[in-house]
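The values are calculated or read from the model by the stated rules, or taken from the named source; none is laboratory data. Values in this document were obtained by computation on a predicted structure and should not be read as measured data. Counting neighbours? That spans all protein chains shown, and the Cβs are built from the backbone with ideal geometry, glycine included.
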There are 2 protein chains.
Amino acid sequence: MTRVLVVDDEPQITRALVINLKARKYDVDAASDGATALQLAAARHPDVVVLDLGLPDMDGVEVIKGLRGWTRVPILVLSARHSSDEKVEALDAGADDYVTKPFGMDELLARLRAAVRRAEPTGGGEDDVIVETAGFTVDLAAKKVHRDGRDVRLTPTEWHLLDVLVRNTGRLVGQKQLLQEVWGPSYGTETNYLRVYMAQLRRKLEVDPSHPKHFITEPGMGYRFER
Amino acid sequence: MTRVLVVDDEPQITRALVINLKARKYDVDAASDGATALQLAAARHPDVVVLDLGLPDMDGVEVIKGLRGWTRVPILVLSARHSSDEKVEALDAGADDYVTKPFGMDELLARLRAAVRRAEPTGGGEDDVIVETAGFTVDLAAKKVHRDGRDVRLTPTEWHLLDVLVRNTGRLVGQKQLLQEVWGPSYGTETNYLRVYMAQLRRKLEVDPSHPKHFITEPGMGYRFER
DNA sequence: GACGTCCTTGACGCAACCCTGATGCCCCGC
DNA sequence: GCGGGGCATCAGGGTTGCGTCAAGGACGTC
C-alpha cells in the first residue's frame with residue numbers, strides 16, 4: 001500500500017486530504033508542523049509527501065531541504081502563494097511538483113499518482129532483485145531470505161539494514177549513511193546499533209558468524225556486503 | 001549536456017523556449033507536430049520532453065502514450081486548457097508535470113530542472129570512478145583497492161591520504177595541504193605523520209616499497225601520486 | 001492482563017589503529 | 001671530510017572502536 005505523509009497546518013485541508021486519500025486506499029500519516037513532519041518521515045518512510053509551505057514552526061523550504069538530506073521521496077508542494085519566485089525556490093530545493101491553492105482534488109490526486117509512478121522501480125524489470133551468495137539467497141522485492149532450504153526470519157530493522165547493504169553490494173557503506181538510512185536522519189553516531197544488528201545479521205546468515213565472509217567490517221569507516 | 005525535446009505548434013512559443021534553453025546550455029531539439037516529435041524522441045533520446053497538447057496532427061495524450069510505450073523520459077506538458085479533466089488525463093497517461101499557458105519562463109525552467117533531477121541515476125547506481133596503475137586498482141567510491149587479484153585493506157587514515165593524493169593525480173600536493181586535509185585544519189607541521197603513513201601506503205601498494213613508482217616524495221615540498 | 005517480539009542500552013574483553021620516539025640513511029652545504 | 005636536515009623504517013604504548021552478551025522497556029497480540 002502506498003504511504004502518504006500530509007503536512008499542513010490548516011485542519012480542514014488536512015482533513016479533506018486524509019479522507020480522500022484513505023478512500024482511495026492510501027495509507028496516510030499527517031503532521032501540522034515541520035518538526036513533526038521530518039520526524040514522521042524518518043519514522044514511517046512514506047512513498048510520497050504532500051507539503052504545505054506555510055507552516056507555523058519553520059519555512060517549508062527548510063522542510064524540503066531536511067528531507068532531501070537523506071531521501072529522494074517525491075515531495076508535492078502545496079501553497080497559497082502564486083509567485084514565480086516561491087515556486088522556483090521550492091522546486092530547486094528539491095520539490096517534485098508545486099500546486100497552488102485553491103486546488104482541485106482530482107488534479108492533486110493525479111499529480112500524486114504521477115509522482116508515485118515515477119518513483120517506482122524502473123519498469124524495465126531487468127534489475128535482479130535476487131542476490132545469491134555461497135551461503136544464502138536474498139530476494140529484496142519479496143522480502144525473503146533463503147538459507148539451507150529454509151526461510152530465514154528477519155526483523156524490520158534487520159531487513160532495512162540488509163536492504164541498504166545489498167543494494168550497495170561490493171561498496172563500502174559508511175556508518176553514518178547506514179544509521180541515517182535505517183534509523184533516520186537524526187542519527188549518525190550511534191554505532192552501537194550497527195554493532196548489535198550486524199551481529200544479528202551475521203548470526204542469521206553467515207556460516208561462521210565470528211568469521212564473516214559477506215558482512216565485512218571496515219574499522220572506523222563502515223560495512224560492506226560481498227557476495 | 002542535457003538534451004531537451006520541445007514540441008509545440010506555435011512558432012513563437014517554440015522560439016522563446018529554444019532561446020531560453022540554449023542560453024542555459026541545454027541541447028535542444030524542436031518539433032511542431034506529434035509524428036515528428038515521436039520520431040525525434042526515438043532518434044535523439046532526449047533527457048526531458050516539453051510537450052504542448054494542442055498539436056495539429058494528433059492528440060497530445062496519444063503522443064504521451066506513444067512515448068511511454070518504450071521510454072520513461074520525463075514529460076512536461078504544456079497546455080492552454082485549464083480544465084481539471086485534461087490535466088488528469090494527461091498525467092495518468094504518463095506525463096510528469098502539467099503547466100498551463102500562459103506560463104512564467106522561470107517556473108517552467110524550474111519544473112524542467114526538477115524533472116531532470118528526478119531522472120538522474122539513483123543513489124544505488126554503479127557510476128564508480130576507478131583509477132588504475134600498473135600494480136593496483138583504486139575505486140574511490142566503493143573504497144576498494146585491488147592488487148594481484150586480492151583486495152587490500154586500508155585503515156581510515158590511509159584511505160583519507162590516498163583519497164587526497166589520487167584526486168590530485170600527477171600534481172604535487174604540499175605537506176601542509178595533506179596534513180590539513182587528512183588530520184584537520186589545526187595541523188600543518190607534523191610531517192612525521194606523513195612519513196609514517198606514506199610508508200604504510202607504499203608497503204601495501206607498491207611493488208617495491210623502498211623504490212616507489214607511484215607515491216613519489218618531493219623533498220621539502222610534499223608528495224605526488226603518479227599512475 | 002500475560003506473553004512474546006523487537007528495539008534500545010550498558011558493560012566487558014579484545015583487537016586494531018594512531019601516535020610517538022628512536023635509529024639509520026641519503027643528500028646537500030659547509 | 002664533516003655535519004645537519006629531511007626522510008624511511010621499526011617497534012612500543014595508549015586510545016579508540018568492535019564484537020558479544022544480557023537486561024530493561026516499548027509495543028502489539030491473544
Restricted to segment B:163-172 and to residues being under 27 Å from the mean Cα position of the chain (by Cα) and not in a helix (DSSP H, G or I), the residue surrounded by the most Cβ atoms within 10 Å (Cβ to Cβ) is B:Asn168
Residues of segment B:196-227 being part of a loop (DSSP other than H, G, I, E, B) and either within 10 Å of DNA strand C (Cβ to nearest atom) or over 33 Å from the mean Cα position of the chain (by Cα) (or both), in sequence order, are B:Val207, B:Asp208, B:Pro209, B:Ser210, B:His211, B:Pro212, B:Pro219, B:Gly220, B:Met221
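Tell me which residues, restricted to segment B:64-83, are small (Gly, Ala, Ser) and out of contact with any Phe, Trp or Tyr (no Cβ under 9 Å at 6 or more places or on another chain). Please lay out each step first, then the result.
Within segment B:64-83, the subset small (Gly, Ala, Ser) is B:66, B:69, B:79-80, B:83.
If the condition is that a residue be small (Gly, Ala, Ser) and out of contact with any Phe, Trp or Tyr (no Cβ under 9 Å at 6 or more places or on another chain), then B:Gly66, B:Gly69, B:Ala80, B:Ser83 are the ones that fit.
Yes/no per residue for (1) modelled with pLDDT of 95 or more; (2) within 24 Å of A:Glu86 (Cα to Cα):
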site	(1), (2)
B:Glu10	no, no
B:Val28	yes, no
B:Glu62	no, no
B:Val77	yes, yes
B:Ala80	no, yes
B:Asp96	yes, yes
B:Val116	no, yes
Filtering segment B:173-195 down to residues that are under 20 Å from B:Ile216 (Cβ atoms), part of a helix (DSSP H, G or I) and not aliphatic (A, V, I, L, M) yields B:Gln175, B:Lys176, B:Gln177, B:Glu181, B:Thr191, B:Asn192, B:Tyr193, B:Arg195
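Criterion first (of a type outside the set (A, V, I, L, M) and within 13 Å of DNA strand C (Cβ to nearest atom)) does B:Thr169 satisfy it? Quick ask: steps written out before the conclusion?
Numbers: of a type outside the set (A, V, I, L, M): yes; within 13 Å of DNA strand C (Cβ to nearest atom): no.
No; evaluated as a whole, the condition is false for this residue.
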Checked pairs for segment A:199-210, first assigned by the TED database to the domain that holds A:Val138, second more than 12 Å from DNA strand C (Cβ to nearest atom) and part of a helix (DSSP H, G or I), C-beta under 6 Å and 6 or more apart or across chains, list as A:Pro209/A:Arg202; A:Pro209/A:Arg203
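On the given criteria, is A:Asp9 surrounded by 17 or more Cβ atoms within 10 Å (Cβ to Cβ), among the charged types (D, E, K, R) and more than 24 Å from B:Asp97 (Cβ to Cβ)?
Numbers: surrounded by 17 or more Cβ atoms within 10 Å (Cβ to Cβ): no; among the charged types (D, E, K, R): yes; more than 24 Å from B:Asp97 (Cβ to Cβ): yes.
No: the conditions fail for A:Asp9.
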Odd one out for A:Gly149 among (1) at positive phi; (2) within 13 Å of DNA strand C (Cβ to nearest atom); (3) more than 20 Å from the chain's Cα centre (by Cα): (2)
Which of (1) surrounded by 15 or more Cβ atoms within 10 Å (Cβ to Cβ); (2) within 14 Å of another protein chain (Cβ to nearest Cβ); (3) part of a helix (DSSP H, G or I) is the odd one out, the single condition A:Thr71 does not satisfy? (3)
Taking only segment B:25-53 into account, find how many residues are small (Gly, Ala, Ser) and part of a helix (DSSP H, G or I). 6
Which residues, counting only those in segment B:177-214, are in contact with a Phe, Trp or Tyr (Cβ under 8 Å, 6 or more places away or on another chain), more than 8 Å from DNA strand D (Cβ to nearest atom) and within 19 Å of B:Ala134 (Cβ to Cβ)? B:Leu201, B:Leu205, B:Glu206, B:His214
What pairs come out if I take residues in segment B:150-164 that are more than 12 Å from chain A (Cβ to nearest Cβ) and pair them with residues that are acidic (Asp, Glu) and assigned to a helix (DSSP H, G or I) whose C-beta lies under 7 Å away, six or more apart or interchain? B:Val164/B:Glu181
Could you check how many residues of segment A:179-195 are within 14 Å of chain B (Cβ to nearest Cβ) and away from DNA strand C (no atom under 12 Å from the Cβ)? 2
Of these, A:Ala23, A:Ala35, which one is touching an Asp or Glu at 6+ places or on another chain (Cβ under 7 Å) and without any contact (Cβ under 8 Å) to a residue 24 or more places away in the chain? A:Ala35
Contact list, first residue from segment A:91-116 and within 7 Å of chain B (Cβ to nearest Cβ), second anywhere and of a type in the set (Asp, Glu) and not in a loop (DSSP other than H, G, I, E, B), beta-carbon distance below 7 Å, six or more apart or interchain, is A:Asp97/B:Asp97; A:Ala110/B:Asp92; A:Arg111/A:Asp97; A:Arg113/B:Asp92
